[in-house]
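Step one of this worksheet: look at the structure below.
Quick note: the coordinates plus some simple rules give every number you see, no bench work behind them. Because the structure is a prediction, the values reported are computed rather than measured. Cβ sites come from the backbone with ideal geometry, for glycine too, and all protein chains shown count toward neighbours.
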Amino acid sequence: MNKIQRNLVAFAIFVVPALALYITFYLVPLFNSLQYSVTEWNGINEPVYTGLDNFQKAMGDEKFWVAFWNNIYFVLFSVFIQVPVIVVVSIMISSVRRMLDFYKLTVFLPSILSTASVGVIWQFIYAPDAGLLNQLLRSVGLESWAKIWLGDKTTAMFSILITNGWQWTGFYIVLVLAAIFSIPKEMLEAGEIDGAVGWKKAWLLTIPLIRPVIVVTMLLSITGAMKAMDIVMIMTNGGPFHSTEVMATYMYKQAYSLSDFGYANAIAIIITIFTAILALVYHVINKRTEVDY
Amino acid sequence: MKQSRSINFVSHIILVFYALLVIYPLFFVISSSFKNNSEIFDDPWGMPMSFSFDNYIEAMSNSHIDSYFINSLYISSISTFATILLSTTIAYAVTRMKFHTLSKGVYSLLLLSLLIPPASLLIPLYKMINDFGIYDTPLALIIPYSAFGIPLTVFVIAAFLKSIPLELEEAGVMDGLNTYGLLFRIVIPLTLPTLVTVFILNFIGNWNEFVMANLFISNEASRTLPVAVKSFVDQYNMNYGALTAAITISIIPVILIYSFLQKKIIEGVTAGSVKG
């Protein structure tokens with residue numbers, strides 16, 4: 001056995017193709033990005049080394065900061081609104097006996113649709129005149145609340161966050177549900193005998209027991225929030241007046257609309273650093289607050 | 001007992017409301033696709049007065065939606081197959097073969113991917129695709145999709161392989177199998193259910209991918225479905241009837257596949273995220 005599994009040629013045949021592809025598409029671009037981020041480059045001429053100029057430019061660029069804060073809103077929305085909804089709805093679904101499968105399948109459905117379809121469908125909902133949302137508000141007498149949801153600087157970002165929530169909440173609910181159903185029955189029954197029922201049971205028993213999956217959900221939704229650029233490109237393309245720009249769409253525009261590839265790569269590096277910091281901070285906080293049961 | 005029954009009732013009300021929130025927008029798109037435009041504007045909430053397929057005829061005749069569908073199918077299937085094949089071999093090598101230090105190194109290298117958001121790699125990737133001379137060809141998507149699926153797929157398969165006992169492979173060795181034989185005759189058949197779930201997971205991701213598909217393909221004929229859906233908005237502008245018909249055509253296959261494979265899909269998602 002050991003001899004057969006110590007075949008270096010076979011190991012290389014199995015590992016090298018996948019690893020080469022992975023390195024070519026993850027690590028090499030990252031390295032290239034680092035190189036270009038310290039240059040002035042229009043994508044055609046030779047790049048000219050300019051040191052940290054591009055990073056300084058970002059620090060003083062108002063539009064970059066709008067994009068940065070929109071990424072933060074994405075993260076905050078995920079952590080403080082989406083995750084609590086996910087946990088509460090999962091516990092509800094797990095506790096009802098009838099229609100459990102129906103709820104589970106329905107809430108999951110939006111997450112298998114493409115972001116393009118979801119974005120376009122929600123454009124109908126937010127449309128100023130024929131849009132479902134304004135029609136609904138008008139029909140219940142809240143006409144003054146009707147807005148051009150995606151065309152108004154004050155509501156556009158929030159409207160996108162709601163759509164993103166609509167698409168992904170069910171995905172995480174299914175994850176959390178799987179964890180709830182994997183809790184040993186005896187544990188919950190023992191708790192019930194001790195008087196933990198209803199929400200008391202959820203708070204004292206279920207939530208602590210599914211803590212690991214809540215941690216995963218948070219981490220996935222934080223990194224998911226950093227990835228979300230397709231939904232912005234589809235729904236508003238960063239508008240109106242850059243109010244819904246996220247760092248990735250701003251980077252995209254610097255490169256493909258303005259041909260400022262040096263600056264665009266600097267933004268790419270900032271995105272990577274920011275994501276890594278978020279992941280690490282989250283990891284540390286999570287370690288600190290860990291409790292043994 | 002009474003208290004828990006009333007909680008149950010409240011739960012049902014909230015869950016039904018949530019389910020409506022999910023279903024209604026989809027119902028709206030599908031029902032609008034059978035209406036004419038004035039009906040959509042006058043009565044967006046209602047059922048269509050007369051089922052008319054005019055919008056579908058219009059959408060099919062000038063949108064080439066069938067060819068985008070085939071492009072998406074072709075690109076997603078090939079890249080998913082490539083991801084699964086490459087990930088299975090690497091997962092087998094690092095969990096089953098006896099090169100522990102090397103394996104650990106490979107695995108940590110793959111873990112690094114969790115810290116790198118693919119969006120931040122777009123610009124150098126675009127240049128690379130151009131340098132390889134594959135810009136605007138199906139390969140411009142097939143190769144990156146295959147690559148980006150690898151890390152998570154390896155994590156899921158490796159997690160599964162760690163859970164199956166070595167005895168069967170030992171028996172295989174007795175029967176004279178070498179390391180390739182063990183992989184193809186014993187490990188892959190055992191892992192098949194897991195492979196199916198990661199296949200579905202990767203396929204859905206590739207099928208829905210928008211940003212690279214939009215950037216690496218520029219000619220209309222090679223477009224994938226998500227990019228096409230986005231372009232319909234400009235193409236049909238206020239012609240909601242044709243637009244909703246086009247969107248319905250693009251989401252119906254996904255919903256159909258979902259209704260047949262829901263168990264597998266949900267299983268795949270759970271495996272991918274809990275173990276990954």
* Asked: Between B:LEU261 and B:PHE51, what length comes free when the chain is fully extended (0.36 nm per residue of separation minus the Cα-Cα distance, one decimal in nm)?
  -> 72.7 nm
* Structure fact -> Partner shielding of B:85-92, as the mean number of partner chain Cβ atoms within 10 Å, equals 5
* Structure fact -> Of A:119-128, B:148-157, ordering from highest average Cβ density within 10 Å down gives B:148-157, A:119-128
* Asked: Can you tell which of B:LEU115, B:LEU26, B:LEU256 shows the greatest fluctuation in a Gaussian network model of chain B with Cα springs below 10 Å?
  -> B:LEU115
* Asked: When the helix-only estimate is applied to chain B (DSSP H runs of n ≥ 4, each -39,500 (n - 2.57), divided by the residue count), what is the mean residue ellipticity at 222 nm, nearest 500 deg cm²/dmol?
  -> -25500 deg cm²/dmol
* What distance in nm separates the simple spin-label points at A:GLU62 and B:THR101, each placed 7 Å from Cα in the Cβ direction? -> 5.8 nm
* For a paramagnetic label modelled at 7 Å from the Cα of A:ARG97 toward its Cβ, which residues of segment A:162-191 fall within the zone defined by backbone nitrogen distances under 18 Å? -> A:181, A:185-186, A:188-190
* Structure fact -> In Å, the Kirkwood hydrodynamic radius from C-alpha pairs for segment A:1-124 sits at 21.0 Å
* Structure fact -> In degrees rounded to 10, the 0-90 angle between helix B:240-274 Cα long axis and the longest Cα principal axis of chain B is 30 degrees
* Under the Debye formula (equal points on every Cα, no solvent term), log10 I(q)/I(0) of segment B:2-58 at q = 0.12, 0.14, 0.16, 0.23 Å⁻¹ -> -0.44, -0.52, -0.59, -0.85
* To do: Kindly provide the chymotrypsin sites (Phe, Trp or Tyr not before Pro) of segment A:204-264 that DSSP labels as loop, not H, G, I, E or B, and whose Cβ sees at most 13 other Cβ atoms within 10 Å.
  => A:PHE241
* What's the Cα-based Rg to Rh of the protein assembly as shown, Rh via Kirkwood? -> 0.98
* What's the average, rounded to a whole number, of partner chain beta-carbon atoms within 10 Å of each residue's beta-carbon in A:99-110? -> 5
* To do: Measure nothing fancy, just the Cα-based angle from helix B:139-163's long axis to the longest principal axis of chain B, in degrees from 0 to 90, nearest 10.
  => 60 degrees
* Zone of A:LEU188's modelled label, taken as backbone nitrogen in segment A:165-179 under 17 Å from a point 7 Å along Cα→Cβ -> A:173-179
* Per-residue ellipticity at 222 nm for chain A, helices alone: DSSP H runs ≥ 4 residues times -39500 (n - 2.57), over residue total, nearest 500 deg cm²/dmol? -> -20500 deg cm²/dmol
* To do: Name the residue, out of B:ASN206, B:ASN237, B:ASN71, whose mean-square fluctuation peaks in a Gaussian network model built on chain B with Cα pairs under 10 Å.
  => B:ASN237
* Asked: Applying 1/(1 + (r/R0)^6) with R0 = 25 Å to the Cβ-Cβ distance of A:SER259 and B:GLN235, what FRET efficiency is obtained, to the nearest 0.05?
  -> 0.35
* Asked: When Cβ neighbours within 10 Å are restricted to other protein chains, what is their mean count per residue of peptide B:101-109?
  -> 2
* **Simple label model, 7 Å out from Cα along Cβ direction - B:ASP175 to A:ALA279, nm** => 4.1 nm
* Asked: Gaussian network model of chain A, Cα springs within a sub-10 Å range: biggest mean-square fluctuation belongs to which of A:SER114, A:SER144, A:SER95?
  -> A:SER144
